[in-house]
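Data block below; observations after.
The values are calculated or read from the model by the stated rules, or taken from the named source; none is laboratory data. Nothing here was measured: the structure is a model prediction, and the numbers come from that model. Every residue, glycine among them, receives a Cβ derived from its backbone with ideal geometry; neighbour counts consider all protein chains shown. Ligands, DNA and RNA are stripped out before the accessible areas are found, and what is left, the full protein with its side chains, is counted by its heavy atoms. Shrake-Rupley method; radii C 1.70, N 1.55, O 1.52, S 1.80 Å.
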Amino acid sequence: MVLSFQIFILFGVIWASAYFRARMGTALASAGVALVMMTMSSKFLIIPWLLFIPVAVLFFADDLRKDKITRPFFAFFKKVLPPMNQTEKEALDAGDVWWDGELFRGNPDWKKWLKTPKPELTEKEQAFLDNQVETVCEMVCDWKVSFEDKDLPEEVWNYLKKEGFLGLIIPEEYGGKGFSALAHSSIVTKLASRSGALGVSVMVPNSLGPAELLLHYGTDEQKNHYLPNLAKGKEVPCFALTGPQAGSDAGAMPDTGVVCQQNFEGQQVLGIRLNWDKRYITLAPIATVLGLAFKLYDPDNLLGDDKDLGITVALIPTSHEGVEIGERHFPVGSPFMNGPTRGKDVFIPIDWIVGGQDFAGRGWKMLVECLSAGRGISLPSGATAAAKMAYRATGAYAILRQQFKTEIGKFEGVEEALARIAGATYQLEATRITTAAAVDAGYKPSVVTAIAKYHMTESARALVNDAMDIHGGRGVIQGERNYLASGFMSSPVSITVEGANILTRNLMIFGQGAVRCHPFVYREMQAANHVNEEQGLDEFDSLFFRHVGYGLSNFIRTLSLGLSGGKIAKKPVDGETGRFYQQLTRMSSALALVSDLSMALLGGELKRKERLSARLGDVLSHLYLSSTVLKYYQDNGQQGADLAYVTWTIENNLFLMQTALLDFFDNLQPVWLGKVLRRIIFPYGNAYKRPSDELDHKIVQAMFSSNELRDRLTKNIYIGDQQQPVGRIEHAFSKVLAASKIAAKLRKGIKEGEVVTCKDLDQTVENAVASGILTQPEAREYLAAEVLRLDAIQVDEYSQDYIKGHFSQDKAAGGSEAAA
């Protein structure tokens with residue numbers, strides 16, 4: 001009995017130490033003190049001490065531990081460490097670990113998360129949105145851009161250049177706007193809500209391109225030469241990375257540069273002879289300066305001892321001899337400027353390399369670091385624009401459109417799709433703001449931005465599909481009135497660019513996150529590759545045993561959180577949302593445990609088990625997305641109207657995390673390990689369900705009225721007046737809402753037989769006035785609202801000649817401008 005009690009106390013101390021992540025030395029000291037006290041208070045029992053002493057000796061006897069345990073493990077680790085090419089190494093080294101590291105390690109500090117400053121636009125940035133951005137949106141007709149001209153109007157291009165839209169990220173000292181990432185994101189969101197081509201034309205110069213590269217790596221001479229001209233639109237940039245044989249696998253690019261001496265402008269200079277063939281290059285057809293990525297070789301060792309220097313980036317005027325800008329590509333659904341560029345034996349001086357000669361061969365890391373910031377801003381902004389438009393317009397349309405004498409928004413099938421739009425829009429806006437704030441804080445969070453790019457563009461694609469389903473024919477028929485078709489058709493563009501989504505999910509999110517976010521693996525890899533074997537062993541020894549303690553802690557924490565249903569986890573706030581933090585901590589701990597075991601079990605093979613790693617990436621992704629929702633809720637005053645939205649998104653994310661883990665367990669080999677992990681993490685069976693029908697119904701209601709939440713979620717999109725596509729819907733919606741009580745009185749009168757109905761609505765309303773059900777002013781208000789409602793649900797019709805492309809002809813069928 002005494003022995004059992006002593007062992008119980010010993011394991012209790014170890015369990016508590018592991019759960020609270022105590023250092024190994026602290027845990028052993030605590031266990032030793034407990035054993036001494038038990039020994040003094042009862043007769044000495046040898047078994048607890050036999051369990052304790054070997055572990056303590058191995059921990060404190062450095063030389064013995066290194067020789068007998070660490071060295072064999074070190075040799076094994078080096079043997080199984082997967083090979084890594086230079087491109088992969090540079091990708092891992094690029095970017096920063098941010099909040100994703102906390103989520104990956106199983107014990108996120110929620111108080112620290114909530115204390116980060118609320119992201120806000122400056123007065124200057126908001127004024128630019130309210131004035132210049134609003135003005136340029138008014139200048140654009142998306143239908144004319146996409147169907148007739150296949151380009152933005154010349155006056156729009158001139159306005160964009162004149163007002164500094166192409167230099168949003170360039171500091172004021174160079175003549176740019178010097179705006180924050182949040183402002184950049186908000187501006188692109190509003191522009192994209194008006195026209196996809198308009199949004200892309202502004203996002204690209206302010207994302208991965210010459211300006212971004214110059215700001216981080218350019219020489220002073222390059223910055224002073226290019227940045228002022230880029231800021232004012234005197235130079236239009238493009239960046240060429242993708243080619244016919246190298247897309248996501250940039251390391252396979254066949255485009256080359258060879259270091260050589262050649263005559264340039266009458267002098268013999270050191271330079272590079274380039275050959276390239278690139279495609280899908282946005283703004284290439286109108287660019288004046290080309291950012292070019294290529295592999296640099298130095299066969300004559302003119303720069304040093306290395307012959308293969310690696311990927312390099314240079315800036316080249318498109319007017320330079322030999323530079324060829326091809327014809328245009330025609331991207332689906334959005335005719336932004338895009339096309340190929342080629343060059344054969346084009347010579348450029350060595351100082352045209354971004355950053356000068358010293359940056360030869362350092363291009364891939366430069367690109368990945370810039371991309372890690374840019375892809376978290378531009379494409380997610382376009383996705384959020386699609387969501388905001390769908391949320392506002394589809395909710396209004398669901399009130400305006402009637403079937404079976406009922407607003408379609410009241411049908412449960414429609415309500416289900418509306419709920420997905422509502423929940424996704426809330427999460428997209430939260431993620432957009434939070435991710436931009438990370439960039440503004442100076443981080444280059446490569447994993448987080450990959451999460452944002454993948455999940456936000458996929459979410460936008462799904463919710464636009466839902467919006468199209470609800471609109472039916474109103475969404476299918478193209479024309480000036482249609483505000484969905486362009487975004488629906490062009491959604492594959494954002495899915496494809498800046499890292500194809502399949503690649504991003506299956507290789508990048510967990511593949512990069514597992515190494516960078518893990519507290520020990522990356523440093524263990526560096527120790528294994530250390531040029532000095534013994535120094536590498538010393539570093540590995542320190543890391544390895546801390547890693548073992550980390551693994552034990554993950555097991556104990558995950559099992560404890562599973563058995564308690566997450567209720568023992570700390571929560572940073574009280575109230576309704578407190579339980580969400582506890583459940584997210586539970587899933588974070590589960591991810592830490594499963595990730596560690598997977599890497600230990602599969603090693604380098606995990607990189608090739610793409611579907612397994614993608615599922616773990618899904619867990620990390622939904623943890624991050626949930627974090628942004630809770631942060632957004634906190635930053636906006638924890639308003640009651642938001643709570644249902646927060647509940648919906650967190651419940652949905654928890655369910656998706658559970659699904660990802662269960663699928664992972666079902667496909668993990670050996671099968672028994674998957675079953676054991678399932679029991680550890682979900683000891684009582686499935687813990688989470690999708691949001692209920694009742695919750696769906698609750699969050700949809702905010703879409704059906706004018707309220708603060710609706711306005712906040714759709715802030716900074718272009719609506720326009722009632723002649724504009726969304727403005728027409730919005731105007732009719734407001735008038736129908738204002739007349740809703742009148743409509744209710746009329747329906748009641750008809751139902752109770754007090755009003756004689758006629759086929760002619762005007763006559764029915766006249767009868768209601770005659771019966772005293774409605775007053776004359778009420779009748780006029782109701783009929784005016786009905787006229788607007790009927791107009792709002794109409795679609796466009798055009799002459800056959802116009803549809804065939806004869807734009808000089810009268811475009812409307814029958815000679816009328818608007819469709820009836």
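Annotations for the structure displayed:
- Candidate set: region 191-219, residues that are closer than 21 Å to Asp440 by Cβ and touching a Lys or Arg at 6+ places or on another chain (Cβ under 9 Å); chosen: the one surrounded by the fewest Cβ atoms within 10 Å (Cβ to Cβ): Leu215
- Scanning region 711-720 for residues that are open to solvent by 20 Å² or more (accessible area, probe 1.4 Å) and either outside any helix (DSSP H, G or I) or out of contact with any Asp or Glu (no Cβ under 9 Å at 6 or more places or on another chain) (or both), we see that the one that is nearest to Val414 (Cα to Cα) is Asp711.
- Assessment of region 698-710 against the conditions (basic (Lys, Arg) and outside any helix (DSSP H, G or I)) yields no matching residue.
- When Leu191, Leu166, Leu215 are checked against the criterion of being within 27 Å of Lys453 (Cα to Cα), over 23 Å from the mean Cα position of the chain (by Cα) and in a helix (DSSP H, G or I), Leu215 stands alone in meeting it.
- Here the helices (runs of 4 or more DSSP H) wholly within region 455-572 that include at least 1 residues being modelled with pLDDT of 95 or more and surrounded by fewer than 19 Cβ atoms within 10 Å (Cβ to Cβ) are 473-476, 533-563.
- Count of region 78-103 residues which are modelled with pLDDT of 80 or more and surrounded by fewer than 18 Cβ atoms within 10 Å (Cβ to Cβ): 0
- Residue check for Pro335: in contact (Cβ under 8 Å) with a residue 24 or more places away in the chain, open to solvent by less than 10 Å² (accessible area, probe 1.4 Å) and assigned to a loop (DSSP other than H, G, I, E, B): yes
- Qualifying positions in region 354-372 - in a helix (DSSP H, G or I) and either open to solvent by 10 Å² or more (accessible area, probe 1.4 Å) or modelled with pLDDT of 95 or more (or both): Gln357, Asp358, Phe359, Trp364, Lys365, Val368, Glu369, Leu371
- Considering only residues in region 110-138 that are touching a helix residue (DSSP H, G or I) at 6+ places or on another chain (Cβ under 6 Å) and surrounded by fewer than 17 Cβ atoms within 10 Å (Cβ to Cβ), the one that is farthest from Met489 (Cα to Cα) turns out to be Leu114.
- Selection from region 594-616 of residues that are touching a Gly at 6+ places or on another chain (Cβ under 7 Å) and open to solvent by 10 Å² or more (accessible area, probe 1.4 Å): Asp596, Lys607
- When the strands (runs of 3 or more DSSP E) confined to region 257-332 are screened for residues that are more than 18 Å from Lys344 (Cβ to Cβ), those reaching at least 1 such residues are found at 267-282, 289-297, 308-317.
- Region 548-601, subset among the β-branched types (Val, Ile, Thr) and more than 30 Å from Thr70 (Cβ to Cβ), residue nearest to the chain's Cα centre (by Cα): Thr585
- Residue within region 412-431 that is out of contact with any helix residue (DSSP H, G or I) (no Cβ under 8 Å at 6 or more places or on another chain) and part of a helix (DSSP H, G or I) present: yes
- Hey, Ala450 of a type outside the set (D, E, K, R), under 27 Å from Ile699 (Cβ atoms) and open to solvent by less than 20 Å² (accessible area, probe 1.4 Å) or not: no
- When region 313-325 is filtered for residues that are open to solvent by less than 20 Å² (accessible area, probe 1.4 Å) and among the small types (Gly, Ala, Ser), only Ala314 remains.
- Candidates Gly310, Gly291 - the one that is open to solvent by 10 Å² or more (accessible area, probe 1.4 Å) and either in contact (Cβ under 8 Å) with a residue 40 or more places away in the chain or under 25 Å from Ser494 (Cα atoms) (or both): Gly310
- Hey, Ile681 surrounded by 16 or more Cβ atoms within 10 Å (Cβ to Cβ), modelled with pLDDT of 95 or more, hydrophobic (A, V, I, L, M, F, W, C) and in contact with a Phe, Trp or Tyr (Cβ under 7 Å, 6 or more places away or on another chain) or not: no
- Between Ile399, Ile350, Ile377, the distinction of being surrounded by fewer than 21 Cβ atoms within 10 Å (Cβ to Cβ) and of a type in the set (A, V, I, L, M) belongs to Ile350 only.
- Subset of region 721-742 [of a type in the set (A, V, I, L, M) and either closer than 16 Å to Met703 by Cα or surrounded by fewer than 16 Cβ atoms within 10 Å (Cβ to Cβ) (or both)]: Val726, Ile729, Ala732, Val736, Leu737, Ala738
- Residue check, Lys631 in contact with a Phe, Trp or Tyr (Cβ under 7 Å, 6 or more places away or on another chain), farther than 22 Å from Val676 by Cβ and outside any helix (DSSP H, G or I): no
- Any hit, region 237-251, residues being farther than 17 Å from Pro349 by Cβ and of a type in the set (Phe, Trp, Tyr): yes
- Looking across region 220-253, just one residue is open to solvent by 40 Å² or more (accessible area, probe 1.4 Å), modelled with pLDDT under 95 and assigned to a helix (DSSP H, G or I), and that is Ala252.
- Per-region count, region 716-756, residues over 21 Å from Arg789 (Cβ atoms) and free of Cβ contacts under 8 Å to residues at least 40 places away in the same chain: 4
- Restricting the first member to region 93-119 and to residues that are more than 28 Å from Met366 (Cβ to Cβ), and the second to residues that are open to solvent by 50 Å² or more (accessible area, probe 1.4 Å) and of a type in the set (S, T, N, Q), the beta-carbon pairs closer than 8 Å and six or more apart or on different chains are Leu114/Gln634.
- The residue that is farthest from Leu563 (Cα to Cα), counting only those in region 641-678 that are open to solvent by less than 30 Å² (accessible area, probe 1.4 Å) and of a type outside the set (A, V, I, L, M, F, W, C), is Asp642.
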